[in-house]
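Novice: Structure in C-alpha cells, see below.
The numbers here are math on the coordinates, done by the rules we state, and not lab data. Here the structure is a predicted model, which is why all the values come from computation and not from measurement. Cβ atoms come from the backbone with ideal geometry, glycine included; neighbour counts cover every protein chain shown.
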Amino acid sequence: MLLKLESWFDKYADAIGNLSAFLLILMLINVFYDAIMRYFFRSGSIALQEMEWHLFALTFLFGISYCLKEDGHVRVDIIYDRLPTKAKAAINILGTIFLLLPLCFLIVNGSIDFVKESYMLHEISGDPGGLTHRYLIKAMIPLSFVMVIISAGGFMLHNINMFLGLEREKPHNIEDDVL
C-alpha cells in the first residue's frame with residue numbers, strides 16, 4: 001500500500017516536473033524571439049521582457065517540487081553521505097517535518113495576503129507597456145509551496161519506505177548498461 005501511494009506521489013511530481021520543463025521551453029522561445037526582435041529589428045517589448053521573468057519564476061517555483069522528488073537539492077554534508085540508508089531516511093523525515101513543512105506553511109500563509117493586496121489594488125507593471133494582472137504571478141507563490149507540501153508528503157513516504165526496508169522496482173535505465 002505504501003509503495004503504491006509513493007508511486008502516486010512520484011507521478012504527481014513528474015507531472016510538475018514536465019510542466020516546469022514546458023515552461024522552460026516557453027521561456028527560451030520568448031527570450032529568443034525578444035532578442036531577435038530587439039537586436040535585428042530594433043523593436044523591443046517590455047511585456048515580453050517581463051514575461052521572461054515570469055516564466056523563469058514559474059519554472060523555478062514549480063521545479064522545487066520535482067527537485068524534492070528527485071532528491072536533487074544541494075547538500076553540503078560529508079557526514080550524511082557516509083550514513084546508512086536508515087539514518088539518511090530518518091534525517092530526511094525529521095528535516096521534512098521540522099524544517100521543510102513549517103517553512104512551506106509559513107510561506108503559504110504569508111503570501112496569501114500579498115496576493116490579495118495585489119488583486120485588490122489591480123496591480124500592474126510599473127513600466128509602460130508592461131504586463132497587467134500582477135496578482136496572477138504572485139498567486140503562484142502560495143500555489144507552488146502547496147505543491148511542495150504535496151511533494152514533501154511523497155518525499156516523506158519514500159523515506160519511510162526506505163526506513164522500513166521497502167523498495168519499489170525501478171524502471172530499467174539504458175544508461176546503466178553503458179556505465
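Novice: Suppose each label sits 7 Å from its Cα in the direction of the beta carbon; what would the Leu3-Ile25 distance come out to in nanometres?
Specialist: Placing both labels 7 Å beyond Cα along the Cβ direction yields 3.3 nm.
Novice: Considering the values (1) 14.3; (2) 11.2; (3) 12.0, which represents mean projected area of the Cα convex hull in nm² as calculated for the structure under consideration?
Specialist: Entry (1).
Novice: Output ³J(HN,Hα) for the range 45-57: one whole-Hz value per residue in order, computed from phi by the Karplus curve 6.51 cos²θ - 1.76 cosθ + 1.60 with θ = phi - 60°, and x for Gly and Pro.
Specialist: In residue order, the calculated couplings are 9, 4, 4, 5, 5, 5, 4, 4, 5, 5, 5, 4, 4 Hz.
Novice: Hey, another quick one. For the pair Tyr80 and Lys11, how long in nm is the line joining their label points, each one 7 Å along Cα→Cβ?
Specialist: Roughly 3.0 nm, to one decimal.
Novice: Under the rule a/c < 1.5 gives rounded, and otherwise a/b versus b/c splits prolate from oblate, where does the range 33-85 land using the Cα gyration tensor?
Specialist: Prolate shape, in that a/c is at least 1.5 and a/b is the bigger ratio.
Novice: In addition: Please report how far the C-alpha centroid of the range 35-102 lies from that of the range 111-166, rounded to the nearest whole angstrom.
Specialist: Between the Cα centres of the range 35-102 and the range 111-166 lies a distance of 13 Å.
Novice: With r as the distance between the Cβ atoms of Arg38 and Leu103 and R0 = 41 Å, compute the FRET efficiency 1/(1 + (r/R0)^6) and round to 0.05.
Specialist: 0.60
Novice: With n ≥ 4 as the cut-off for DSSP H runs, can you work out [θ] at 222 nm for the chain, using -39500 (n - 2.57) per run divided by the number of residues, rounded to the nearest 500?
Specialist: Taking each H run of at least 4 residues, the total per residue is -25500 deg cm²/dmol.
Novice: Please list, by residue number, everything in the range 38-53 whose backbone N is under 18 Å from a paramagnetic label point 7 Å out along Cα→Cβ of Phe114.
Specialist: 53
Novice: Now, a different point. I'd like the trypsin sites (Lys or Arg not before Pro) in the range 55-122 restricted to DSSP loop residues with at most 15 other Cβ atoms within 10 Å, sorted by number.
Specialist: Counting only loop positions with at most 15 other Cβ atoms within 10 Å, the trypsin sites (Lys or Arg not before Pro) in the range 55-122 are Arg75.
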